[in-house]
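Each remark here refers to the structure printed beneath this line.
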There are 2 protein chains.
Amino acid sequence: MTDNQKRRQPVMMDVAKLAGVSHQTVSRVLRDSPHVRESTRERVLAAINQLNYRPNSMAKALVTGRSRTLGVVSFDTVLFGPASTLFGIERAAHDEGYAVSISSLRSLNRETVLAAIEQLRDQGVDGVAVIAPLQDSVDTLGDLKADFAVVAVAVEAGQDASIPVVAVDHQAGAISATRHLLDLGHKTVWHLAGPRDWKESDERIKGWQAQLESAGATVPALFRGDWTPRSGYELGERILQIPDLTAVFVANDQMALGLLRKLHEAGRKVPHDLSVVGFDDIPESAYFTPPLTTVRQDFAELGRRCLHTLLRRIEGEPVPPQAVVAPELVVRDSTAAPQK
Amino acid sequence: MTDNQKRRQPVMMDVAKLAGVSHQTVSRVLRDSPHVRESTRERVLAAINQLNYRPNSMAKALVTGRSRTLGVVSFDTVLFGPASTLFGIERAAHDEGYAVSISSLRSLNRETVLAAIEQLRDQGVDGVAVIAPLQDSVDTLGDLKADFAVVAVAVEAGQDASIPVVAVDHQAGAISATRHLLDLGHKTVWHLAGPRDWKESDERIKGWQAQLESAGATVPALFRGDWTPRSGYELGERILQIPDLTAVFVANDQMALGLLRKLHEAGRKVPHDLSVVGFDDIPESAYFTPPLTTVRQDFAELGRRCLHTLLRRIEGEPVPPQAVVAPELVVRDSTAAPQK
DNA sequence: TTTTCTATTGTGAACGTTAACATTTGGTGT
DNA sequence: ACACCAAATGTTAACGTTCACAATAGAAAA
């Protein structure tokens with residue numbers, strides 16, 4: 001308002017002039033270099049304050065080659081797992097002073113995942129976390145050039161393991177769910193699985209099978225759903241036909257909800273006639289009819305692990321090829337001992 | 001691998017040399033300037049391909065002052081509304097060639113919102129969309145300097161309207177929900193509201209009240225929840241005490257779920273004894289017991305509107321102070337005519 | 001005092017683009 | 001052939017930092 005003809009944002013040089021030092025000294029203060037006298041530091045800090053100077057992160061990024069920004073490839077969905085993972089990563093990143101850019105895909109496949117990573121990279125991110133639950137997308141990541149830091153939030157590494165993977169141990173979750181049912185006295189446990197191309201589905205199936213086999217129970221045929229309540233509801237129709245069926249492990253809570261609905265309509269009492277276990281522990285699960293026994297995943301921890309792995313890759317430090325977060329069984333009212 | 005001693009990323013100059021032109025011509029090709037001969041353009045394009053050259057967005061941003069990145073301030077939650085809004089914006093932004101950086105707050109208040117905006121700004125975004133459902137945060141935005149493009153996804157503009165607002169018309173949604181119940185023959189409609197400091201809560205209350213009054217129905221006292229199923233469940237206890245209560249409009253689907261659960265436990269049949277309407281249409285709603293009548297919001301459209309408003313602000317064009325997206329009533333099985 | 005350090009500060013050149021202006025080219029009209 | 005104009009291309013200087021040195025100061029050692 002006074003006599004400054006140009007109203008542009010102040011830059012480092014402006015601060016330097018006001019403080020009576022060189023721009024380099026200002027830069028040193030900003031990055032707390034040890035070689036600055038206390039009195040000068042204060043003078044510079046005062047000037048920064050007075051001008052309300054904000055460093056230009058683009059210029060900094062240009063010269064350092066680091067943007068302190070991370071990319072996350074996710075997809076266009078509010079599915080509980082992926083969304084929670086995204087927030088978990090974002091939170092951990094912010095705590096470490098990193099910004100997060102997202103790219104949410106409408107469809108997940110080789111091309112879209114690769115394109116998203118490239119785009120994020122062009123945009124200047126230092127590294128990318130890919131929330132890639134699909135079998136296909138995990139394989140895709142193997143093709144990636146090793147000159148860029150990428151971490152997958154998935155289930156298990158591809159064959160080559162060129163990309164580190166951070167994951168929830170779905171298999172362990174499925175095992176504890178199945179064991180819980182078996183311990184209750186059920187002869188065997190049926191399974192409503194997730195869609196075919198999802199790694200998550202496969203791992204949950206594996207855990208379920210493994211536990212059944214190690215308990216000497218027969219392994220029944222499984223049913224395929226697609227994560228939606230609708231598919232759980234429709235599969236419920238077929239569940240109802242099966243005689244002697246007393247326990248079902250469902251691959252996620254939403255499908256379990258659909259199943260519960262169908263059973264209710266058919267007059268089957270849960271858990272009296274039949275026990276149901278879900279997976280995810282979405283916030284609604286505790287209020288289903290009946291409250292659902294399910295497997296909870298720790299997304300905050302997952303995000304933290306993912307982030308730290310990514311940061312190490314960015315720094316070029318060696319990283320363990322795989323980090324695993326253990327899920328936890330939450331017992332509520334949808335499971336009970338079978339009727340004699 | 002051959003004789004290139006330096007393995008750095010190719011830059012514009014490398015392309016220029018290979019194509020036998022100046023870097024400026026390469027720049028012109030990249031920005032499809034009209035003043036390039038077709039044959040040179042092809043030569044340059046070929047060189048770009050051969051070297052697999054990718055423009056450095058930081059350098060570009062530094063000189064243009066535009067990063068083609070937008071910021072979104074949201075919060076650390078997978079609450080359906082905010083999460084969907086975020087994805088809606090992200091999707092629209094990507095379609096326009098903008099990247100999006102997110103900043104998810106753990107708590108929403110004056111300081112955190114302002115800090116997040118500043119941080120995003122320092123990070124170099126061209127503009128910010130704030131998903132600010134809290135009364136407080138909307139007011140906060142009024143204090144913002146006008147020299148930076150900010151759009152709020154909220155309910156209504158603050159007093160000064162210095163910040164454009166894009167919103168779902170919650171009031172209209174509440175009106176249609178209430179009217180639906182009244183049309184069914186209910187004498188009046190009770191309301192389980194959202195938390196006190198949320199704009200959304202207020203607007204839904206207003207709509208409910210307005211519709212009741214215009215229909216000449218008495219306006220009962222309202223109950224306060226906090227969006228969680230738990231609060232709906234607990235409020236259900238009090239709902240049960242009220243004689244002659246036949247219809248409830250609940251401020252969101254999760255609370256409605258909790259209420260449904262409580263009613264079920266108490267042996268009250270929905271919709272036979274009592275009708276319930278929710279708000280949001282979360283994917284689970286159709287499979288509640290019973291399937292929930294609710295109000296659906298169009299988040300994709302919301303995101304699009306928000307984005308376009310933001311882009312206009314960035315370009316310095318005038319923008320309407322308020323844009324509104326109409327919600328839609330979805331009738332399912334939780335509502336019926338009252339018992340005589 | 002003079003020398004020799006070391007802590008502090010300054011200088012100039014990157015970083016990889018775009019903007020502004022200057023120059024060359026090739027085609028027209030005379 | 002000449003001047004002239006527009007189209008096509010090139011040159012130089014930003015943008016706002018950090019980096020690699022160079023230079024200066026002040027203090028300790030001789």
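The values are calculated or read from the model by the stated rules, or taken from the named source; none is laboratory data. All values reported here derive from a predicted model rather than from experimental measurement. Glycine also receives a Cβ, built like all others from the backbone with ideal geometry; neighbour counts cover every protein chain displayed.
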Here are some conditions: (1) small (Gly, Ala, Ser); (2) in contact (Cβ under 8 Å) with a residue 12 or more places away in the chain; (3) more than 9 Å from chain A (Cβ to nearest Cβ). Residue B:33 meets all but one. Which one does it not meet? (2)
Within segment B:310-340, how many residues turn out to be more than 11 Å from residue B:276 (Cα to Cα) and among the small types (Gly, Ala, Ser)? 4
Taking residue B:268 as the residue in question, decide whether it is of a type in the set (D, E, K, R) and either part of a strand (DSSP E or B) or closer than 26 Å to residue B:171 by Cα (or both). no
Out of curiosity, is residue B:155 touching a Cys at 6+ places or on another chain (Cβ under 7 Å) and modelled with pLDDT under 95? no
Please enumerate the residues belonging to segment A:302-340 that are of a type in the set (Ser, Thr, Tyr) and over 17 Å from the mean Cα position of the chain (by Cα). A:334, A:335
Could you list, in sequence order, all residues of segment B:13-41 that are near DNA strand C (Cβ under 9 Å from one of its atoms), more than 16 Å from residue B:51 (Cβ to Cβ) and surrounded by 16 or more Cβ atoms within 10 Å (Cβ to Cβ)? B:28
Some residue of segment A:198-210 being part of a strand (DSSP E or B) and in contact with a Gly (Cβ under 9 Å, 6 or more places away or on another chain): no
For segment A:208-236, give me the residue count where each residue is touching a residue at least 12 places away in the same chain (Cβ under 8 Å), over 16 Å from residue A:133 (Cβ atoms) and more than 14 Å from chain B (Cβ to nearest Cβ). 11
Has segment A:306-326 got any residue that is more than 30 Å from residue A:96 (Cα to Cα) and crowded, with 19+ Cβ neighbours inside 10 Å? no
If only one of B:57, B:101 is among the polar types (S, T, N, Q), closer than 19 Å to residue B:149 by Cα and facing chain A (nearest Cβ under 7 Å), which one is it? B:101
Quick one: what pairs do we get from segment A:247-270, first residue farther than 20 Å from residue A:295 by Cα, second among the hydrophobic types (A, V, I, L, M, F, W, C), C-beta under 6 Å, 6+ apart or different chains? A:263/A:270; A:266/A:240; A:268/A:274
In segment B:28-81, how many residues are more than 8 Å from DNA strand D (Cβ to nearest atom), of a type outside the set (A, V, I, L, M, F, W, C) and out of contact with any Gly (no Cβ under 8 Å at 6 or more places or on another chain)? 16
When segment A:42-81 is examined, which residues are found to be part of a helix (DSSP H, G or I), crowded, with 22+ Cβ neighbours inside 10 Å and away from DNA strand C (no atom under 16 Å from the Cβ)? A:80, A:81
If residue B:174 meets every condition in (1) assigned to a helix (DSSP H, G or I); (2) under 30 Å from residue B:322 (Cα atoms); (3) out of contact with any Asp or Glu (no Cβ under 9 Å at 6 or more places or on another chain) apart from one, which number is that one? (3)
Enumeration of residues in segment A:264-284 that are closer than 30 Å to residue A:90 by Cβ and within 9 Å of chain B (Cβ to nearest Cβ): A:282, A:283, A:284
